[in-house]
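*Asks:* One structure follows; several queries about it will come next.
The values are calculated or read from the model by the stated rules, or taken from the named source; none is laboratory data. Bear in mind that the values here come from a model prediction, so they are computed numbers and not experimental data. Reconstructed Cβ throughout: ideal geometry from the backbone, glycine too, with neighbour counts over all protein chains shown.
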Amino acid sequence: MSATLTEHDAAPRTPGPRPPKPDAPAARGPKKRKFPFAPWMLLAPSIILLVVMVVYPTILMFVTSFTDLEIKNKMLGTPANFVGFDNYVEVFTKSDFPAVLVRSLTLMVILTVLIVGGGMLLALLMLRLTKGWRLLVSVGLLLAWAMPPLSATVVFGWIFDTDYGVVNWLLNTITGTQDFRGHGWLADPLSFFMVLIIIVVWQGIPFAAFTLYAGLGQVPDEVLEASQLDGANAWQRFRLIVMPYLRNVVTAVIVLETIWNLRIFTQVYALQQQGGLASETNVLGTYLFRQGLGEFGVTAAIGVFMVILLMGISYYNVRSSLKEEEA
Amino acid sequence: MTTQISPAVQLAETPGRMTPGPQKARRTHRRRAPKVVVNTVAILVFLCSVFPVYWMVNMSFTPSNQIISRTPSFFPFEFTMKNYVTAWTREAAPGQTDFPHALASSLTVALAVVVVCALFAFLASIAIARFAFRGRYVFIVSVLVVQMVPGEAMMFTIYNMVDDWRLMNTLVGLFIVHLASVVPFTIWTLRGFVAGVPADLEEAAQIDGCTKAQAFWKVTFPLLAPGLVSTGIFAFIQSWNEFTMALLLMKGYNLTLPPWLNSFQSATEATNWGAVMAGSTLIALPVVIFFLFVQGRMTGGLVSGAVKG
C-alpha cells in the first residue's frame, strides 16, 4: 500500500500513480536527475545476478535445444550444428519421455488432490479442536513439515524396508501370518509410487493445512451463525459460505502444490536409490537427471519443455501475486 | 506458531458451553457429541505425523544388532551413541567426504547464501517499496516470473556454465547457483516487510533532526530486523536442503550434506542403518529448530495476500 510513496513527500497518500514524481528522491542538496539513479543502483546486484544465473541460461538452453551439441563438442571445442526441431521430434517420438510425462502429470494430480483435500479436512479438524488439542496437532504437523525431504525419504525407505521394515512387521502381526516377510515395497512400480505418495503427502499436508486453517479464520463468524439460523446444514455452510471466502486461498494452495508436485526430485531419486526400478519410476526431474551429461541438445529440449509447462501453470500464481501488489 | 488465529475462530469454539441460549444449546449439543471422535482423530493425526520422526531418532540410538531384527524395538532401551560416532567419522563411500567435512561445506555455502541474499534482497526491496520510478512494475513482474523458472530443468545448461567458469566442484559455484534460486523469493518477501513500515516514521525522525540515512538506520532498519531474520532462515533452509544441483556439481571430498547422506545410505557394503538414521537426524536438527521460527510468517503472508486480492 505505501509502496509508491516517495520519500519526503508522503502527504498525498494515493497508492496509484506509476509515473515518477517530478521531484526525485532528494537527500540533502538539490539533485535534479531525470534518470532515477538511486533505485536502479539498489536493484543492480539482484538484476545482474538474475540475468546471469536465470535469464542467460534460459536463453542458452533454448538455443542449445535447436543444436546437436554433445559432450565431444565441448571436449574438442568444435561448434555444434543447427538441427531445427530434430531434438524435440526425437524426445517426443523416439524416447520414453511421453510415458514419463504422463506418469508425472498423473502423480501430480493424485498428490495435489490428496494434499489439498487432506489439508482442508485437517484445517476443519483444527477449527473444532480446543486449544491444547490444536497445539498437539500443530506440533505434529510442524515436525513433518520441517523434516528435510531427503531425511524423510531415507526414514520412510527404512520403515518400508524389505527385511526389517516396521510396516512388514506390523502387517504380519495384524494378519497373524508371515505373508509380508521379505515383501519388497519398492521393487514393484505401483507400490513404489504408493510409498512415494505417502512420503510426499505426509510432508505436503502441513503447509496446506496451516494455510487453509489461517484462511478459515478469516471467515466471519456472524455470517456462519446467520446461515445456521436460516437452516443451512454443515455441508451447505461449507459449500456456500466458507468456500467463497476461501476461494483465493484454495486457488493459491492448489497452484503452488501443482508446481511443487510436478517438480519433485529428491524423494523420487532417493527412493530409487533404495531399490526402485529407475526406468519404471522416473518423473520429469529424475528422467532429465538420468539422461546424464552427453547429448546437451536433447536434454535442453526436455528442459525447454519443462520450463514452458511449469511457467504455464505458474501464470496464475504470478497474476494473483500481482493483484496482491496492486491492492 | 498458531499466531494467525483470528478472534472469530476462537469465538466459534469456546462460548457454546457457557451460554445456553436456545440456538446455542442446539449447536452445542450437535458439536459436543462427536468430541471424543474429533479428539481421537487429532491423536491419530499427531501419531502419523510424528511417527517417522520418532522412528528416525529411535533408530539412531538403537544398537545395530537390534536394528537388524525381525521384531522392531520401539524404544532404545539399550541406548547407544555408537551410531552417531560412526556417522561422524566414517567416510560416505571410499574416496568421498566424511560428515564433518560435508557439514563444513554445507555451512559455508548456506551462511554465505544467507548473508549475500539478505543484502541483495534488502537493497532491492528498499528500491521497490520506497521509490517510485519508471520500470518498478516491470521489475516486480520480472522477479515473480524469474522465481517461477524451474532451475532443475536447466541443470545441464547450468552445469556447462559453471564448468566454463572453472567453478565445477567448488563451493563458490554451488553458492552462486543456490543464491540465484533464493533471491527472487527473498526480494518478494522482504518487500512486504519494508512496505509494512510506514514511511511516516522516517519522516517524523527527519523532522526531529535526523538525516535521511540516520532516519533509515535508526528507525526503519530495526523494524525490518524480524523480516531479515525470517528471510535469512528461509534462505538457509533452502540451501541446506538443496539436493539436485549439489548432486550434479559436487564430487568426492566437496559433497555437501544431502549428497553425503545419499552416498552414505546407498554405499555398496551393507548399509549401516543406525548410522544413516543418526546422519539424517543430525541434518534435520538445525532445519527443524529454524523452522519453528519462520513457520507463522510463511503461511501468514500467503493468506493475507490471497484473501485481500
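*Asks:* Give me a count of the residues in segment A:245-296 that are under 27 Å from residue A:74 (Cα atoms), in a helix (DSSP H, G or I) and modelled with pLDDT under 90.
*Replies:* Residues flagged as under 27 Å from residue A:74 (Cα atoms), in a helix (DSSP H, G or I) and modelled with pLDDT under 90 within segment A:245-296 amount to 0.
*Asks:* Still on this structure, please answer the following. If I filter segment A:84-106 for residues that are within 12 Å of chain B (Cβ to nearest Cβ), more than 15 Å from residue B:180 (Cβ to Cβ) and exposed (fewer than 15 other Cβ atoms within 10 Å of the Cβ), do I get at least one hit?
*Replies:* No, because not a single residue in segment A:84-106 is within 12 Å of chain B (Cβ to nearest Cβ), more than 15 Å from residue B:180 (Cβ to Cβ) and exposed (fewer than 15 other Cβ atoms within 10 Å of the Cβ).
*Asks:* Moving on to the next point. Which one of A:27, A:38 is modelled with pLDDT under 95, part of a loop (DSSP other than H, G, I, E, B) and of a type in the set (A, V, I, L, M, F, W, C)?
*Replies:* A:27
*Asks:* Residue under question is residue B:239, and the condition is that it be more than 9 Å from chain A (Cβ to nearest Cβ), touching a His at 6+ places or on another chain (Cβ under 8 Å) and polar (S, T, N, Q); does it hold?
*Replies:* In short, yes.
*Asks:* Can you tell me which residue among A:237, A:319 is touching a Leu at 6+ places or on another chain (Cβ under 7 Å) and among the basic types (Lys, Arg)?
*Replies:* A:237
*Asks:* Also, quick follow-up: Which of (1) over 18 Å from residue A:46 (Cα atoms); (2) over 19 Å from the mean Cα position of the chain (by Cα); (3) free of Cβ contacts under 8 Å to residues at least 60 places away in the same chain is the odd one out, the single condition residue B:133 does not satisfy?
*Replies:* Tallying (1) over 18 Å from residue A:46 (Cα atoms); (2) over 19 Å from the mean Cα position of the chain (by Cα); (3) free of Cβ contacts under 8 Å to residues at least 60 places away in the same chain, residue B:133 fails exactly one: (1).
*Asks:* Also, quick follow-up: Looking for whichever is surrounded by fewer than 21 Cβ atoms within 10 Å (Cβ to Cβ), out of contact with any Ser or Thr (no Cβ under 9 Å at 6 or more places or on another chain) and at pLDDT 95 or above here; the options are A:174, A:198. Which one fits? Lay out the reasoning, then the answer.
*Replies:* Numbers: A:174 fails: at pLDDT 95 or above.
Exactly one of A:174, A:198 is surrounded by fewer than 21 Cβ atoms within 10 Å (Cβ to Cβ), out of contact with any Ser or Thr (no Cβ under 9 Å at 6 or more places or on another chain) and at pLDDT 95 or above, namely A:198.
*Asks:* Considering segment A:146-180 alone, what residues qualify as being part of a helix (DSSP H, G or I) and within 7 Å of another protein chain (Cβ to nearest Cβ)?
*Replies:* Correct list: A:146, A:149, A:150, A:151, A:152, A:154, A:155, A:156, A:158, A:159, A:166, A:169.
*Asks:* Right, next: Identify all residues within segment B:95-130 that are surrounded by fewer than 15 Cβ atoms within 10 Å (Cβ to Cβ) and either assigned by TED's automatic domain parsing to the domain that holds residue B:60 or small (Gly, Ala, Ser) (or both); write none if there are none.
*Replies:* B:95, B:104
*Asks:* How many residues are surrounded by fewer than 18 Cβ atoms within 10 Å (Cβ to Cβ) and not aliphatic (A, V, I, L, M) if we restrict to segment A:107-117?
*Replies:* Of all residues in segment A:107-117, those surrounded by fewer than 18 Cβ atoms within 10 Å (Cβ to Cβ) come to A:109-110, A:113, A:117.
Okay, now just the ones that are also not aliphatic (A, V, I, L, M), so A:117.
Number of matching residues: 1.
*Asks:* Here's something else I'd like to know. Conditions: (1) free of Cβ contacts under 8 Å to residues at least 40 places away in the same chain; (2) closer than 23 Å to residue A:250 by Cα. Residue A:123 meets all but one. Number of the miss?
*Replies:* Of (1) free of Cβ contacts under 8 Å to residues at least 40 places away in the same chain; (2) closer than 23 Å to residue A:250 by Cα, only one is false for residue A:123: (1).
*Asks:* Can I ask one more? May I ask you to list the residues in segment B:157-189 that are without any contact (Cβ under 8 Å) to a residue 40 or more places away in the chain and either of a type outside the set (S, T, N, Q) or surrounded by fewer than 19 Cβ atoms within 10 Å (Cβ to Cβ) (or both)?
*Replies:* B:161, B:163, B:164, B:165, B:166, B:167, B:172, B:176, B:180, listed by residue number.
*Asks:* For segment B:61-94, how many residues meet the condition of being within 14 Å of another protein chain (Cβ to nearest Cβ), surrounded by 11 or more Cβ atoms within 10 Å (Cβ to Cβ) and not in a loop (DSSP other than H, G, I, E, B)?
*Replies:* Residues meeting the conditions: 5.
*Asks:* Next question. Which residues, counting only those in segment A:39-90, are among the polar types (S, T, N, Q) and touching an Asp or Glu at 6+ places or on another chain (Cβ under 6 Å)?
*Replies:* Across segment A:39-90, the qualifying residue is only A:81.
*Asks:* Hey, another quick one. Just one of (1) within 20 Å of residue B:274 (Cα to Cα); (2) aliphatic (A, V, I, L, M); (3) touching a Lys or Arg at 6+ places or on another chain (Cβ under 6 Å) trips up residue A:126, so point out which.
*Replies:* Checking residue A:126 against (1) within 20 Å of residue B:274 (Cα to Cα); (2) aliphatic (A, V, I, L, M); (3) touching a Lys or Arg at 6+ places or on another chain (Cβ under 6 Å), the one that fails is (1).
*Asks:* Which residues, taken from segment A:305-325, are among the aliphatic types (A, V, I, L, M) and facing another protein chain (nearest Cβ under 8 Å)?
*Replies:* Listed by number, the residues that qualify are A:306, A:307, A:310, A:311, A:318, A:322.
*Asks:* Only one residue in A:158, A:169 is farther than 24 Å from residue B:293 by Cβ and in contact with a Lys or Arg (Cβ under 9 Å, 6 or more places away or on another chain), so which one is that?
*Replies:* After ruling out the rest, the residue left standing is A:169.
*Asks:* Something else about it: Take residue B:222 and tell me if it is in a helix (DSSP H, G or I), over 17 Å from the mean Cα position of the chain (by Cα) and crowded, with 24+ Cβ neighbours inside 10 Å. Let's see the steps before the verdict.
*Replies:* Values: in a helix (DSSP H, G or I): yes; over 17 Å from the mean Cα position of the chain (by Cα): yes; crowded, with 24+ Cβ neighbours inside 10 Å: no.
No: the conditions fail for residue B:222.
*Asks:* May I pose another question? Identify, by number, the condition in (1) away from chain A (no Cβ under 11 Å); (2) modelled with pLDDT under 95 that residue B:174 doesn't meet.
*Replies:* (2)
*Asks:* Can you run down the residue pairs with Cβ atoms below 6 Å, 6 or more apart or on separate chains, where the first is in segment B:76-104 and under 13 Å from residue B:283 (Cβ atoms) and the partner is small (Gly, Ala, Ser)?
*Replies:* From segment B:76-104, the pairs are B:84/B:278; B:87/B:275; B:87/B:278; B:87/B:279; B:92/B:263; B:99/B:87.
*Asks:* Quick one: would you say residue B:54 is facing another protein chain (nearest Cβ under 7 Å), assigned to a helix (DSSP H, G or I) and without any contact (Cβ under 8 Å) to a residue 24 or more places away in the chain?
*Replies:* Spelling it out, it is not the case that residue B:54 is facing another protein chain (nearest Cβ under 7 Å), assigned to a helix (DSSP H, G or I) and without any contact (Cβ under 8 Å) to a residue 24 or more places away in the chain.
*Asks:* Could you please find all residues in segment A:120-145 being of a type in the set (Val, Ile, Thr), surrounded by fewer than 21 Cβ atoms within 10 Å (Cβ to Cβ) and at the interface with another protein chain (Cβ under 7 Å from one of its Cβ atoms)?
*Replies:* A:130
*Asks:* Starting from residues that are part of a helix (DSSP H, G or I) and surrounded by fewer than 19 Cβ atoms within 10 Å (Cβ to Cβ), keep the ones in segment B:193-204 and report whichever is nearest to the other protein chains (Cβ to nearest Cβ). Even if it seems obvious, please write down each step before you answer.
*Replies:* The initial filter retains those residues of segment B:193-204 that are part of a helix (DSSP H, G or I), namely B:193-196, B:199-204.
If we keep only those that are surrounded by fewer than 19 Cβ atoms within 10 Å (Cβ to Cβ) too, we end up with B:196, B:200-201, B:204.
Details: B:196: 8, B:200: 6, B:201: 10, B:204: 11 Å.
In this case the residue turns out to be B:200.
*Asks:* Pull up segment B:243-270, narrow it to residues that are facing chain A (nearest Cβ under 9 Å) and in a loop (DSSP other than H, G, I, E, B), then point me to the one that is surrounded by the fewest Cβ atoms within 10 Å (Cβ to Cβ).
*Replies:* Of everything passing the filter in segment B:243-270, B:266 is surrounded by the fewest Cβ atoms within 10 Å (Cβ to Cβ).
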